[in-house]
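Novice: What follows is a single structure, and I will ask about it in a moment.
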Amino acid sequence: MTLTRRDAVVLLGAGTALVPTGLAAQTADAPPAPPPGPAAFDHGVIIERARKLAAAPFDALKAELPKALAEMSFDAYRDIRFRREKAFFGKSSSGFRMELFHLGFLYKDPVIVNLVREGVPAPIPYDASLFDFGQTKLSQRLSIDTGFAGFRLLYPLNRPTVMDELGVFLGASYFRVLGAGQHYGISARGLALGTGEPEPEEFPLFREFWVEEPKADATSLVVHALLDSPSIAGAYRMVLTPGDETTVDVGSTLFPRTDVKKLGVAPLTSMYFYGENDRRHYRGYRPEVHDSDGLLVKAASGQAIWRPLMNPERLQKTAFGDGNLRGFGLLQRDRLFEHYQDLEVRYDLRPSYMIEPSGDWGPGRAELVEIPTDNETADNIVAYWVPDAPAAAGSTLRYSYRIRALKLAERVSPQARAIHTFVAEARASGDPNPGPDHVRRFIVDFAGGDLDYWLDDPTKVVTETGASLGKINAAFVMPNREIGGFRLFLDHELTEPGTSAEIRGVLKAGGKTLTETWVFQWTRPA
């Protein structure tokens, strides 16, 4: 059976309990039994909804939006604001508030948002009075089942008297959360399907949400979501805990409709336009423009791998496989304002997101996709985890993990970290002639960990390097007392035009690994 949007409201929104037939007849003098109360809300109901959804043919459920909404401009959409005084949970002393997003502009897929109060779910009916439309005018009245584009959550993250944005669920399966002192940048997603593959990517949707009303002393808020796409359906339970480091504990149960060629679990989406290691698009006064500057992978062996991001000339994918990964994340490691010089968007305050699996995900790999872009408005960076086991039609898959929204991410990488990566021509100092195209010099600064201890005896710090292709012509380390660490110089040669190589470097002393492993990929011009 194909479910319609109205079916979705009826099946779960009313919270009606099913009464079994064939009950024994009551005696004539017995008082009538009271009518059954509404069934208590439970995440298992959503899991069962997802299971049934996956067993039915996919229904795009495209709504016929009024022309005023379907063709709305960005400026007109931006003028529609939820009335702050009508925020949900406004009478609660928990500190959480919820506001809704109107349909329009890019957001044309209606979603149902349910409130769960005292264990009973009920859909929020559309009501135009919830919104201040500003200069935007709608020529027709919209019905109560119009739905919404999504919702935002508010919480006093930075000051007790000011409601800050804590999180946003808007568009496909995208959501974003903030910790104290952070500005929106990177996004999380429910799933990534076919990202970076020759076939068109599939973008699952969160069709319906259930937001549990927080109790007076609540320090977390629970959001449930029903995910759907042509290939897969799923149920999500997300527990948001705000703070200096906001966390989202995600539990997902997935039901593939078809055999999924490549399943991207816990995907993160970000932007990298240009930075210290990639100056091709540099212009204007801003030295760097990016939401994230590197991928951190924590391998099963305990070693951390740092891969600086880049804006490539053509799409490239990089895989990091080490059995059961301990975690991965897209980080904004550079926090110096003077490296960005942008007072408006504050790239220096963009959060880092770290994914930490719960339980055994089995063998798989972290994968990084970098897509060329010529502007900073496109999210061109995607990272996710791909299981080795196939996502077969009719199977049940479960993945639980924690998302940590970080500002300073030193704790997730206790070893010394690669804080700068520079790429230069390989030529002698003072040589005015351009360096050869087939050789590049990489300069990497490592700081933190125990490196400051070794500054008193720097000759004992050595580098261990490697390359997937070509050869390393030179590699040496010297102290960098300006950062309390060491600088690695590495010259690498590729003989064939148009070929790519992955190069690696790590610092050691006395047989002990001092730093995370720095990894970089470069392509010789064709």
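Novice: In the list His420, His438, which residue meets the criterion of being in contact (Cβ under 8 Å) with a residue 24 or more places away in the chain, surrounded by 13 or more Cβ atoms within 10 Å (Cβ to Cβ) and either of a type in the set (Ser, Thr, Tyr) or under 26 Å from Ile355 (Cα atoms) (or both)?
Specialist: Answer to the selection: His420.
Novice: Please tell me if Ile472 is surrounded by 15 or more Cβ atoms within 10 Å (Cβ to Cβ) and over 30 Å from Glu356 (Cβ atoms).
Specialist: yes
Novice: Can you work out which of the residues in segment 322-357 that are surrounded by 17 or more Cβ atoms within 10 Å (Cβ to Cβ) and among the small types (Gly, Ala, Ser) is nearest to Arg307 (Cα to Cα)?
Specialist: This residue is Gly329.
Novice: Look through Gly150, Gly185, Gly134, Gly190 and report the one residue that is surrounded by fewer than 21 Cβ atoms within 10 Å (Cβ to Cβ) and in the same structural domain as Phe74 (by TED's automatic domain parsing).
Specialist: Residue meeting the stated conditions: Gly134.
Novice: Then there's this: For segment 93-151, which positions are of a type in the set (A, V, I, L, M, F, W, C), in contact with a helix residue (DSSP H, G or I) (Cβ under 7 Å, 6 or more places away or on another chain) and farther than 23 Å from Lys62 by Cα?
Specialist: Answer for segment 93-151, where residues must be of a type in the set (A, V, I, L, M, F, W, C), in contact with a helix residue (DSSP H, G or I) (Cβ under 7 Å, 6 or more places away or on another chain) and farther than 23 Å from Lys62 by Cα: just Leu130.
Novice: Whether any residue in segment 112-125 is under 25 Å from the mean Cα position of the chain (by Cα), under 11 Å from Gly147 (Cβ atoms), surrounded by 19 or more Cβ atoms within 10 Å (Cβ to Cβ) and of a type outside the set (S, T, N, Q) is what I want to check.
Specialist: Within segment 112-125 (the criterion being under 25 Å from the mean Cα position of the chain (by Cα), under 11 Å from Gly147 (Cβ atoms), surrounded by 19 or more Cβ atoms within 10 Å (Cβ to Cβ) and of a type outside the set (S, T, N, Q)), the answer is yes, since at least one residue qualifies.
Novice: Right, Arg307: of a type in the set (Lys, Arg) and outside any strand (DSSP E or B) or not?
Specialist: No.
Novice: Gly134: at pLDDT below 95 and within 17 Å of the chain's Cα centre (by Cα), yes or no?
Specialist: no
Residue by residue, here is whether (1) hydrophobic (A, V, I, L, M, F, W, C); (2) out of contact with any Cys (no Cβ under 6 Å at 6 or more places or on another chain); (3) outside the structural domain of Pro387 (by TED's automatic domain parsing); (4) more than 21 Å from Ala54 (Cα to Cα) holds:
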position	(1), (2), (3), (4)
Pro204	no, yes, no, no
Glu213	no, yes, no, yes
Ala225	yes, yes, no, no
Arg237	no, yes, no, no
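Novice: Another question, then. Any residue at all in segment 464-484 that's modelled with pLDDT of 95 or more, aromatic (Phe, Trp, Tyr) and within 27 Å of Leu349 (Cα to Cα)?
Specialist: no
Novice: Condition first: without any contact (Cβ under 8 Å) to a residue 24 or more places away in the chain, outside any strand (DSSP E or B), in contact with a helix residue (DSSP H, G or I) (Cβ under 9 Å, 6 or more places away or on another chain) and not hydroxyl-bearing (Ser, Thr, Tyr). Can you find one or more residues in segment 339-348 that meet it?
Specialist: The answer is yes, given that some residue of segment 339-348 is without any contact (Cβ under 8 Å) to a residue 24 or more places away in the chain, outside any strand (DSSP E or B), in contact with a helix residue (DSSP H, G or I) (Cβ under 9 Å, 6 or more places away or on another chain) and not hydroxyl-bearing (Ser, Thr, Tyr).
Novice: I've got another one for you. Among the residues of segment 301-342, what is the count of those that are in contact with an Asp or Glu (Cβ under 8 Å, 6 or more places away or on another chain), aromatic (Phe, Trp, Tyr) and modelled with pLDDT of 95 or more?
Specialist: Residues flagged as in contact with an Asp or Glu (Cβ under 8 Å, 6 or more places away or on another chain), aromatic (Phe, Trp, Tyr) and modelled with pLDDT of 95 or more within segment 301-342 amount to 3.
Novice: In the set Glu502, Glu493, Glu425, Glu410, which member is surrounded by fewer than 19 Cβ atoms within 10 Å (Cβ to Cβ) and in contact with a Lys or Arg (Cβ under 6 Å, 6 or more places away or on another chain)?
Specialist: Glu493
Novice: Counting only residues that are in a loop (DSSP other than H, G, I, E, B), aliphatic (A, V, I, L, M) and without any contact (Cβ under 8 Å) to a residue 60 or more places away in the chain, which one in segment 49-84 is surrounded by the most Cβ atoms within 10 Å (Cβ to Cβ)?
Specialist: Going through the qualifying residues, I end up with Ile80.
Novice: Right, Ser143: over 21 Å from Leu240 (Cβ atoms) and assigned to a helix (DSSP H, G or I) or not?
Specialist: no
Novice: Next question. Quick one: which of Arg207, Arg176 is without any contact (Cβ under 8 Å) to a residue 24 or more places away in the chain, within 26 Å of the chain's Cα centre (by Cα) and outside any loop (DSSP other than H, G, I, E, B)?
Specialist: Step by step, each of Arg207, Arg176 is checked, and only Arg176 is without any contact (Cβ under 8 Å) to a residue 24 or more places away in the chain, within 26 Å of the chain's Cα centre (by Cα) and outside any loop (DSSP other than H, G, I, E, B).
Per-residue answers, yes or no, for (1) in contact (Cβ under 8 Å) with a residue 60 or more places away in the chain; (2) part of a loop (DSSP other than H, G, I, E, B):
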site: Gly362; (1), (2): no, yes
site: Val369; (1), (2): yes, no
site: Asn375; (1), (2): yes, yes
site: Ala378; (1), (2): yes, yes
site: Ala383; (1), (2): yes, no
site: Arg398; (1), (2): yes, no
site: Ile403; (1), (2): yes, no
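Novice: Select, from Trp522, Trp454, the only residue that is farther than 21 Å from Leu295 by Cβ, touching a residue at least 12 places away in the same chain (Cβ under 8 Å) and surrounded by 12 or more Cβ atoms within 10 Å (Cβ to Cβ).
Specialist: Trp454
Novice: Restrict the check to segment 282-293 and report whether at least one residue is charged (D, E, K, R), assigned to a strand (DSSP E or B) and either surrounded by fewer than 17 Cβ atoms within 10 Å (Cβ to Cβ) or in contact with a helix residue (DSSP H, G or I) (Cβ under 6 Å, 6 or more places away or on another chain) (or both).
Specialist: No, every residue in segment 282-293 fails to be charged (D, E, K, R), assigned to a strand (DSSP E or B) and either surrounded by fewer than 17 Cβ atoms within 10 Å (Cβ to Cβ) or in contact with a helix residue (DSSP H, G or I) (Cβ under 6 Å, 6 or more places away or on another chain) (or both).
Novice: Name the residue that is farthest from the chain's Cα centre (by Cα), counting only residues in segment 85-108 that are under 12 Å from Met163 (Cβ atoms) and free of Cβ contacts under 8 Å to residues at least 60 places away in the same chain.
Specialist: Per the criteria, the residue is Glu85.
The values are calculated or read from the model by the stated rules, or taken from the named source; none is laboratory data. Keep in mind it's a predicted model, so treat the numbers as computed, not measured. Reconstructed Cβ throughout: ideal geometry from the backbone, glycine too, with neighbour counts over all protein chains shown.
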